[in-house]
Amino acid sequence: MRSGTLEKLEKYIRENIADDVEILMTDDLGQYRGATRRTGTRAKHKTIMHSIDLYVNGDVHTNTVESALNLLKRGVLGTWHRISAKHLQAYCDEMCFRFNNRKNLYLFRDTVLKLISSQNIEYKELMAKDAA
């Protein structure tokens with residue numbers, strides 16, 4: 001990994017790992033070890049060795065995050081076909097909702113109730129250049 005890329009990884013870890021995170025689980029990409037040490041994160045770093053086909057070691061795994069990312073990828077490829085950076089947060093919010101409610105037996109009811117109580121946004125407002 002180029003040093004600029006390692007610096008980006010370190011910056012990302014510093015900006016996105018909260019101080020109260022106890023354990024950071026990653027795959028065995030070597031740069032994670034150096035980046036987590038250099039950022040000063042207090043989280044204990046545990047690694048899964050995908051390179052030797054080890055995907056779970058006790059309670060250490062990356063399956064949950066991989067499942068969530070695959071749900072997002074399926075949304076992009078199968079539902080939306082392409083997404084814009086302008087609305088990326090909305091797409092991510094939608095996938096977070098779907099992932100967090102994947103076992104909700106009352107999902108349809110809860111979704112309808114949420115839609116009834118939500119504010120309307122007109123298309124012209126949604127597509128305005130300065131809208132986020």
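The values are calculated or read from the model by the stated rules, or taken from the named source; none is laboratory data. Please read these numbers as outputs of a predicted model, since none were measured by experiment. Using ideal geometry, Cβ is built from the backbone for each residue, glycine included, and neighbour counts are taken over all protein chains shown. Note: accessible area is taken over every heavy atom of the protein model, side chains too, but ligands, DNA and RNA are not part of it. Shrake-Rupley method; radii C 1.70, N 1.55, O 1.52, S 1.80 Å.
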Checked pairs for the range 54-71, first more than 21 Å from D93 (Cα to Cα), second open to solvent by 60 Å² or more (accessible area, probe 1.4 Å), C-beta under 6 Å and 6 or more apart or across chains, list as V60/M25
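Just give me the residues in the range 114-132 being assigned to a helix (DSSP H, G or I), open to solvent by less than 100 Å² (accessible area, probe 1.4 Å) and not polar (S, T, N, Q), in sequence order. Step through it out loud before you land on a result.
Going residue by residue through the range 114-132, those that are assigned to a helix (DSSP H, G or I) are 114-117, 123-126.
Then drop every residue that is not open to solvent by less than 100 Å² (accessible area, probe 1.4 Å), which leaves 117, 126.
Within the range 114-132, just L126 meets the criteria.
With the requirement that a residue be more than 25 Å from the chain's Cα centre (by Cα) and not aromatic (F, W, Y), what does the range 92-126 give you?
Of everything in the range 92-126, those that are more than 25 Å from the chain's Cα centre (by Cα) and not aromatic (F, W, Y) turn out to be R109, V112, L113, I116, S117, Q119, N120, I121, E122, K124, E125.
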Residue hits (the range 68-89; under 22 Å from R102 (Cα atoms) and either in contact with a strand residue (DSSP E or B) (Cβ under 6 Å, 6 or more places away or on another chain) or aliphatic (A, V, I, L, M) (or both)) are A68, L69, L71, L72, V76, L77, L88
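Residue-by-condition table, conditions (1) without any contact (Cβ under 8 Å) to a residue 24 or more places away in the chain; (2) open to solvent by 70 Å² or more (accessible area, probe 1.4 Å); (3) not in a helix (DSSP H, G or I):
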{"site": "G75", "(1), (2), (3)": "yes, no, no"}
{"site": "R82", "(1), (2), (3)": "yes, yes, yes"}
{"site": "A90", "(1), (2), (3)": "yes, no, no"}
{"site": "R98", "(1), (2), (3)": "no, yes, no"}
{"site": "N104", "(1), (2), (3)": "yes, no, yes"}
{"site": "D110", "(1), (2), (3)": "yes, no, no"}
